[in-house]
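All remarks here apply to the structure that follows.
The values are calculated or read from the model by the stated rules, or taken from the named source; none is laboratory data. This is a predicted model, so every value here is computed, not measured. Cβ atoms come from the backbone with ideal geometry, glycine included; neighbour counts cover every protein chain shown. Keep in mind that these areas ignore ligands, DNA and RNA; they rest on the heavy atoms of the full protein, side chains included. Shrake-Rupley method; radii C 1.70, N 1.55, O 1.52, S 1.80 Å.
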Amino acid sequence: RSQTGMLQLFTQKDPETEIPMQEELYPIGVLAKITRIEEHPAIDGYKVTVDVLYRLRLVGLKREEGTLMAKSERIADHFSSEAGERLAPKIEAQMNTELLRFNRLTKRLNASELTSIHNEKDLSRKIDIITHHIVPRSVDRYAVLSETMVDKRLEKLYEILSRENEMIQLEMDINKRV
């Protein structure tokens, strides 16, 4: 457990790697505060609940006393341009519509999760929360999360969510015919 209750979290490219080197980690991660640790007998380990504070870029990695220590820098949330910032509310509204459509089709999110997403005012956090809950493929999830510009992340998430909805609807239509 961290002395400060804070963790730097970076995803491994290959989860089978026991002790990853820097190039075996995705370079975008998060700083998170531990909010709860529960023993979890089913997995012979612990369940750790965290609150994500902000995004990080991995700068270096070293081993200290059997622990991997990351050197990182905070990634500030910026838009790619003034036009991107002006366009973001329109794309956010479209994404919200796609999110509701997705949930009508899949019932993946419960009412409290939908409310939490809807009430999130920080667009950057909202994008990351939706990505975590909705985007199934890790490659797509990382494509969204690795984008440093808020409007570009929003556009990628919207495209993935729209495509996912089309695939789900197509599958449902095919199943109706069979």
Worksheet entry | Criterion (open to solvent by less than 40 Å² (accessible area, probe 1.4 Å), over 30 Å from ILE19 (Cα atoms) and either under 14 Å from the mean Cα position of the chain (by Cα) or not basic (Lys, Arg) (or both)) met by exactly one of ILE75, ILE130, ILE168, ILE174 | ILE168
Worksheet item: Is at least one residue of the stretch 26-34 part of a loop (DSSP other than H, G, I, E, B) and within 24 Å of SER124 (Cβ to Cβ)?
Response: yes
Worksheet entry | Close pairs from the stretch 139-154: first within 13 Å of ARG125 (Cβ to Cβ) and of a type in the set (A, V, I, L, M), partner in a strand (DSSP E or B) and open to solvent by 40 Å² or more (accessible area, probe 1.4 Å), Cβ under 8 Å, at least 6 apart | VAL150/HIS78
Worksheet, complete the sentence: For the stretch 142-165 the number of residues that are in a helix (DSSP H, G or I), crowded, with 18+ Cβ neighbours inside 10 Å and charged (D, E, K, R) is 5
Fill in: Close pairs from the stretch 11-34: first over 26 Å from ILE129 (Cβ atoms), partner open to solvent by 100 Å² or more (accessible area, probe 1.4 Å) and in a strand (DSSP E or B), Cβ under 8 Å, at least 6 apart
ILE19/ARG63
Practice prompt. Determine, yes or no, whether ILE130 is in a helix (DSSP H, G or I) and in contact with a Phe, Trp or Tyr (Cβ under 6 Å, 6 or more places away or on another chain).
Written response: no
